């Protein structure tokens, strides 16, 4: 039996359309996971690290590292701080840096979602409370 060959797309012209509503939802959730992560770190301690995250149009999830299960009180403090940050409507500052410069200025926390193999690193900065 002959195995089917993979389609060859290199050099082909492809037409596509961006689903703006989906992109908008994912963008909002992406930013909110960063706000939530910072709120958790400010509430619980500097050892908090993003373990994983999932973002979709209507849903997002953030998993963080911590030495114990969160209490209801800790969860409420994190949520309150995140909501306060969002309600302040703080401008989002976006800059690109050479990888080495970004690492020196911001440390390796910029890679919490995983290292991106690019020369220019895009830094999105939201000044916190």
| remark: Rounded to the nearest 10, the angle in degrees between the Cα long axis of helix 20-44 and the longest principal axis of the Cα atoms of the chain comes to 40
| Estimated [θ] at 222 nm from DSSP helical runs (n ≥ 4, -39500 (n - 2.57)) normalised by residues in the chain, nearest 500 | -12500 deg cm²/dmol
| note | With label points set 7 Å from each Cα along the Cα-to-Cβ direction at residue 30 and residue 83, the distance between them in nm comes to 2.7
| field | Gain upon complete extension [residue 8, residue 74; 0.36 nm per residue less C-alpha separation] | value | 18.5 nm
| Among 15, 119, 88: highest mean-square fluctuation, GNM of the chain, C-alpha pairs under 10 Å | 15
| query | Taking 0.36 nm per intervening residue step and subtracting the Cα-Cα distance, what contour gain separates residue 120 from residue 101 on full extension? | reply | 5.9 nm
| message | As I understand it, the value is the acute angle between the Cα axis of helix 72-87 and the longest principal axis of the Cα atoms of the chain; what does it come to in degrees, rounded to 10? | response | 70
| task | For the chain, with a Gaussian network of springs between Cα atoms less than 10 Å apart, report the residue from 74, 101, 12 with the top mean-square fluctuation. | result | 12
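Note down the relative contact order for the chain as a percent, whole number, built from C-alpha pairs under 8 angstrom at least six residues apart.
Reported as a whole number, the value is 21 percent.
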| What does the convex hull of the Cα atoms come to per residue for segment 20-126, in Å³? | 121
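Laboratory data are not the source of any read-out in this text; all were calculated from the coordinates shown. Not measured: the values here are computed from a predicted model. Here Cβ is always computed from backbone atoms with ideal geometry, including for glycine, and neighbour counts include all displayed protein chains.
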